[in-house]
Amino acid sequence: MADARQRIDELCRQLAEHDHDYYVLDRPTVSDAEYDRLFRELVALEEAHPELARADSPSQRVGGEPAEGFETVRHAVPMLSLGNAASVEEVEAFDARLRKLLESEALEYTAEPKYDGVAVELLYERGELTLGSTRGDGRTGEDITHNLRTVRSIPLRLRGPAPELLEVRGEVFLPLEEFARVNAERLERGEEPFANPRNCTAGTLRQLDPKVAAQRGLDIFVYGVGRGHAELECASFAAQRRRLGELGFKVDGRFAAGCSVDQAVSFHRELETQRDSLPYEVDGSVLKLDEFALRERAGELNRAPRWAVAFKFPARQETTQVKDIRAYVGRTGALTPVAELEPVRIGGVTVAHASLHNQDEIERLDVRVGDTVFVERAGDVIPKIVKVVEQRRPADTAKYRLPEECPQCGTKVVKGEEEVVRRCPNLACPAQVKERLRHFSSRGALDIDGLGTKLVDQLVERGLVKRPLDFFKLDLETLVDLERMADKSADNLIEALKRAKQVPAGRLLYGLGIRHVGERVAQLLAEAYPNLGDLLDAEFEAIEAIEEIGPIIAASVREHFDVSDNRNEFEKLLDELDVIPPEPRPPAGDGPLAGKSLVLTGKLSEARGELKKRIEAAGGKVKSAVTPRTDYLVAGEKPGSKRDRAEELGVEILDEEGLRGLLETAPG
Ligand code: IVH
């Protein structure tokens, strides 16, 4: 019995350590298999001796008994909200107000990301997590201890000496990767997906059964303290963050401490550029006065502190009305329903269209003409309709169905067994012809300057161009006859066409618009068949044998060149054009940086593009974000938050000199 108790204590201690290494520090020290062995041993012991099971046992994380309901929890120190700033001017005004109030020349701030999750408070008594609650209205929230225990990055027991009583605050969120996984699983089960990670987080934390939360991979960043603040004996927020880290909490390595307003604004801008590559959602940055004595003097107003402000990114969601839904015919004949929207500004861009992808998506959302909808725009991504506001649906709307006939040529639409997409099967369909020609002249392909959408439409409608080759037969007289075509533009176009005749092999292949052959695949094909003509008779097996190319692509390539029209066209193009064969690549697994992943940051003396080429030539890869899988961070001057992240993750940091050293250890 005494032995069992000792062993349980030891296992709890070891597993807590491994959880901390893995979930807080992102730096595991044991294999998953080893962890599982310890875990199973603990569970077996706890089952054999239920009276010895501890409340802070890591086995609690898989979700214990369901809660009966939600008890309310009163926050001894109210959880405040934050004032907002939408522009640099508003942030500067915030700082000016504060300086005046505190009679100070310059103030020091800490800037952090503003996480888009759910605010919680964690109560630790004698080092043990005893209560976890939502923020609620700031004064009372709900007891969600059973769910918060399942969050692996929340310590169940504090590390090292801690105050008798400590309340730590932070934001629980769902990493984007987990969000994608959760939604994919829901769709598979025919359940409604969550609109965004925050909804999913909130919904998960409100579950009575903690087993649900245990499976959702929630995470936390902590950013404040309620009771126990004084006992931590930290004079500044920067010091408190460090202290919280020592106690076992997850504090974000992406922050800037001791900074001026200008530096905080730079942090905000840098964060905005990273917004789409971060592993979690942020909706801005938070600027907080660093020194607690000054915070005390600044006080609060209307339940928001005067010493902090949320600097928000432009909103990405708006509501607007669907004016119409139309089916567009793409290059491969696929019918894509597109919602025409009452134009609305989202994040500084006017949005008037949103793709609805396919009939399945329309049915899932049940979007109808006349509906009011939530539209979201994330980075460069095409705007998407997230949800219909059913309460605002006008009377007499009808469900939308894609047409049975191609809206451009009237051919009956087909749908493959396994496909969700409906297609117009007519290769001569004017919509497809136009799209194919547009694709041929587009930037990743032949990149023909001055050959835009309108001009392609006109050339096709007048019967002047039917296939890519026809572009190169155009002469000045024909062009000047066109609508809206000045002599000068016609001259320029002829010149551009001449230039475009010199075309790298990969781009020409991509320009053909073969299904499943994107820029990268085209490049791989060109590298395998530097003499492009050889591809015409390459066997399916040979194409499939090319690294990274699978049976679907290989079949698609074969299918394309088995059509005699396509074959003839390609042969003539090869005659007409001056195809530049691809440069041979160093074989993978070679070079001093083979298999290594690098991130560049700060001001470097060499152009990024050049450095990238040299790193790739040495077998390395250049990535944009620092992750546990990053091998080296190359830091120039003023490296910013990537460097902090690398330090936090223990990623090796090189200066340019160091990088050169690595590049020069090339064999031979
Ligand atoms: S500080 C009084 N820091 O923003 C200080 N809050 O609009 C308030 N939030 O309820 C908390 N990220 O849910 C702080 N890095 C961060 C934050 C953050 C997100 C949320 C928090 C709060 C809300 C206020």
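Here are a few things to note about the model shown:
- Those residues of segment 143-157 whose amide nitrogen sits under 11 Å from the label point placed on E231, 7 Å along Cα→Cβ: none
- Segment 401-489: Lys pairs at Cα distance under 29 angstrom, eight or more positions apart or on different chains: 14
- In order through segment 288-304: 3J(HN,Hα) via Karplus (6.51 cos²θ - 1.76 cosθ + 1.60), integer Hz, x for Gly, Pro: 10, 4, 7, 8, 5, 4, 6, 4, 4, 5, 5, x, 9, 8, 6, 6, 10
- Simple point charges give the picture: +1 on the Cβ of Lys and Arg, -1 on the Cβ of Asp and Glu, and for segment 122-192 a dipole about the Cα centre of about 300 debye.
- Sequence-distant residues sharing a close amide H with A85 (under 5 Å, placed H): A310, F311, K312
- Cα lying deepest toward the dipole's positive end in the chain, options G416, P430, V77, charges on Cβ: V77
- R99 paired with A44, simple spin-label distance in nm, labels 7 Å along Cα-to-beta-carbon: 6.7
- Summary of the geometry: segment 443-479 and segment 605-668, compared by the centres of their Cα atoms, lie 44 Å apart.
- Once both labels are positioned 7 Å from their Cα atoms along Cα-to-Cβ, the gap between R37 and Q502 label points is 6.4 nm.
- Cα-based helix-to-principal-axis angle, 519-528 vs the chain, degrees rounded to 10: 60
- A cut-off of 5 Å between modelled amide H atoms, ignoring neighbours fewer than 5 places along the same chain, links C429 with no other residue.
- Using Cβ point charges alone (K and R +1, D and E -1), the dipole size of segment 299-411 about the Cα centre works out to roughly 500 debye.
- Of all DSSP bridge pairs formed entirely within segment 532-642, close to 10 percent run antiparallel.
- Axis of helix 176-188 versus longest Cα principal axis of the chain: the two differ by about 70°, to the nearest ten degrees.
- Distance between the 7 Å Cα→Cβ label points at E10 and L476: 9.2 nm.
- Length available on full extension from F561 to E519: 0.36 nm per residue minus the Cα-Cα distance, which gives 13.3 nm.
- When the inverse distances between all different Cα atoms of segment 268-328 are averaged and flipped, the Kirkwood radius reads 15.1 angstrom.
- For a paramagnetic label modelled on L278 (point 7 Å from Cα along Cα→Cβ), amide N atoms under 16 Å away belong, within segment 230-254, to 251-254.
- Here is the list for segment 381-458: trypsin sites (Lys or Arg not before Pro) lying in DSSP coil, each with at most 13 other C-beta atoms within 10 angstrom of its C-beta, are K399, R401, R443.
- Using R0 = 60 Å, the C-beta based FRET efficiency linking E606 and T72 works out to 0.50.
- Contact order for the chain, expressed relative to its length and based on alpha carbon pairs under 8 Å spaced 6+ residues apart, stands at 10 percent.
- Euclidean distance between Cα centres, segment 392-425 to segment 167-232, Å: 38
- Convex hull volume of the Cα atoms of segment 66-225, normalised per residue: 154 Å³.
- Checking every one of the GluC sites (Glu not before Pro) in segment 104-187 against DSSP loop status and a limit of 13 other Cβ atoms within 10 Å picks out E105, E164.
- In sequence order, segment 567-576 has phi-based couplings of 4, 4, 4, 5, 4, 5, 4, 4, 5, 6 Hz under the Karplus curve 6.51 cos²θ - 1.76 cosθ + 1.60, θ = phi - 60°, and Gly or Pro positions carry x.
- Computed from backbone phi, the HN-Hα couplings of segment 26-38 come to 6, 9, x, 10, 10, 6, 4, 5, 4, 4, 4, 4, 4 Hz, rounded to whole numbers (Karplus: 6.51 cos²θ - 1.76 cosθ + 1.60, θ = phi - 60°; Gly and Pro given as x).
- V414 contributes an accessible area of around 70 Å² to the protein surface, as traced by a 1.4 Å probe with all chains present.
- H20, H229, reordered so the largest accessible area comes first (probe 1.4 Å): H229, H20
- Amide H contacts under 5 Å for L654: L633, V634, A635, restricted to partners 5 or more places along the chain or on a different chain, H placed in the peptide plane at 1.01 Å from N.
- Considering only A55, I615, T145, the residue lying farthest towards the positive end of the dipole of the chain is T145, judged by Cα position with unit charges set on Cβ.
- Ignoring lysines fewer than eight residues from K613 along the same chain, the ones with Cα atoms less than 27 angstrom from its Cα are K501, K596, K603, K621, K623, K638, K642.
- Residue (of L45, Y328, I8) at the positive-pole extreme of the chain, dipole from beta-carbon charges: Y328
- Cα centre as origin, Lys/Arg/Asp/Glu Cβ charges: the chain dipole, Debye: 1320
- Stretchable slack from E417 to V338, in nm (0.36 nm times residue separation minus alpha-carbon distance): 26.1 nm
The values are calculated or read from the model by the stated rules, or taken from the named source; none is laboratory data. The structure presented is a predicted model; accordingly, all values stated were derived computationally and were not measured. Using ideal geometry, Cβ is built from the backbone for each residue, glycine included, and neighbour counts are taken over all protein chains shown. We work out accessible area using only protein heavy atoms, side chains counted, and drop any ligands, DNA or RNA first. Shrake-Rupley method; radii C 1.70, N 1.55, O 1.52, S 1.80 Å.
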